[in-house]
1. Please name all residue pairs, on different chains or six or more residues apart, with Cβ atoms under 9 Å, provided the first residue is in the stretch 59-70 and is within 14 Å of R30 (Cα to Cα) and the second residue is loosely packed, with under 12 Cβ neighbours inside 10 Å and of a type in the set (D, E, K, R).
2. Only one residue in T17, T51, T47 is polar (S, T, N, Q) and modelled with pLDDT of 85 or more. Which one?
3. Criterion first (modelled with pLDDT under 85, within 21 Å of Y77 (Cα to Cα) and either surrounded by fewer than 12 Cβ atoms within 10 Å (Cβ to Cβ) or not β-branched (V, I, T) (or both)) does E7 satisfy it?
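The values are calculated or read from the model by the stated rules, or taken from the named source; none is laboratory data. Just so it is clear, the model here is predicted, and its values are computed rather than measured. Cβ placement follows ideal geometry from the backbone for every residue including glycine, while neighbour counts extend to all protein chains displayed.
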Amino acid sequence: MIKRILEIINNQKVTITGWLLGFTTIFFVRLLLESLSSPSYSGLAPTDPYTVIHYFLYFSCVTIGTILIFGYFSKDYIYASKLTLFVLSYL
């Protein structure tokens, strides 16, 4: 079952634009869910843009680090980026 899922992920055609759009969508959904789970006193949105920048830099670094680690061990960075994007959507 897992082998089939990994094969489906590997056979997906993902462009750089599609990957960036997927990452940005995952980022904003996570930001929305974090804002809903612990709202600030001023409302749903984070109180300052520095929080959004901090979240974006954190998730970007975690994503790039994960791609580099998976890519190093699998010797296929494109597959690692597809797998990382798939896993991020479920975390």
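1. Note: no pairs meet the criteria.
2. T17 is the lone residue from the list that is polar (S, T, N, Q) and modelled with pLDDT of 85 or more.
3. yes
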